[in-house]
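Undergrad: Supplied in structure tokens, the structure appears directly below.
The values are calculated or read from the model by the stated rules, or taken from the named source; none is laboratory data. All values derive from a computational prediction rather than experimental measurement. Virtual Cβ from ideal backbone geometry, glycine too; neighbours counted across all protein chains shown.
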Amino acid sequence: MASLTSMAPTMALAGGLLQAGGNYEAGQAAAAQGNYQRRANLQAAGQQMAAGERGAYFDTKQANLLASRALAVASASGGGGDPSVLRVIGDIKGEGAYRSALSIYQGEAAAQQMETEGEMARFEGRNRRLGANFAAAGSLLEGGARAARFGTYG
């Protein structure tokens, strides 16, 4: 059976290869996780946009119902065409338009934040993969150097 000293160069080289393989796989996993997070954030961004649009629809609907109710009450009392009533109805519709636009803006802002976070996750995953690739190359060189050192001094 071979002595441990004679096997040391082979073991050093094998250890370097295993460490390099582990670093490489860790980098690939980090990149995949970053890409997955980006896709999840893009989906969430779409949902934020839809929520903003849905909120805008309900804000407009509520303003229209309130304006209709105000006109009906004013008409029932004989003041349906009064300028002050029309001004109040205009204010109600204006507030509804403002709230609707605000809902759209909030949905878009939340979606943009989600998209940015997704891009950052992908960027981070790519950087972690690059770092792991350099670590893998370093492990290979280190394993080779240890193997040579053991071969020379073993």
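Undergrad: Among the residues of the stretch 26-57, write down those that are closer than 30 Å to Ala137 by Cβ and without any contact (Cβ under 8 Å) to a residue 60 or more places away in the chain. Don't jump to the end; show me each part of the working.
TA: First, pick out the residues of the stretch 26-57 that are closer than 30 Å to Ala137 by Cβ: 26-39.
Scanning the stretch 26-57 gives Ala29, Tyr36.
Undergrad: Mind checking which residues of the stretch 67-76 are within 29 Å of Ile104 (Cβ to Cβ) and surrounded by 15 or more Cβ atoms within 10 Å (Cβ to Cβ)?
TA: Result: Ala67, Ala70, Leu71.
Undergrad: Just checking, which of Gln47, Gln43 is closer than 21 Å to Arg126 by Cβ, of a type outside the set (Lys, Arg) and either at pLDDT 95 or above or not in a helix (DSSP H, G or I) (or both)?
TA: One residue alone meets the criteria, Gln43.
Undergrad: Moving on. Can you go through Asn64, Asn127 and tell me which one is surrounded by 13 or more Cβ atoms within 10 Å (Cβ to Cβ), under 30 Å from Leu13 (Cβ atoms) and free of Cβ contacts under 8 Å to residues at least 60 places away in the same chain?
TA: Asn127
Undergrad: Quick one: which residue in Ala145, Ala121, Ala135 is within 30 Å of Glu25 (Cα to Cα) and loosely packed, with under 15 Cβ neighbours inside 10 Å?
TA: Going through Ala145, Ala121, Ala135 in turn, the sole match is Ala145.
Undergrad: Yes or no: Arg69 out of contact with any strand residue (DSSP E or B) (no Cβ under 9 Å at 6 or more places or on another chain), of a type in the set (Lys, Arg) and farther than 30 Å from Gln112 by Cα?
TA: yes
Undergrad: Okay, next question. Determine, yes or no, whether Met11 is part of a helix (DSSP H, G or I), touching an Asp or Glu at 6+ places or on another chain (Cβ under 8 Å) and among the aliphatic types (A, V, I, L, M).
TA: For Met11, the condition - part of a helix (DSSP H, G or I), touching an Asp or Glu at 6+ places or on another chain (Cβ under 8 Å) and among the aliphatic types (A, V, I, L, M) - is not met.
Undergrad: For the stretch 77-87, give me the residue count where each residue is touching a helix residue (DSSP H, G or I) at 6+ places or on another chain (Cβ under 8 Å) and loosely packed, with under 15 Cβ neighbours inside 10 Å.
TA: Residues meeting the conditions: 2.
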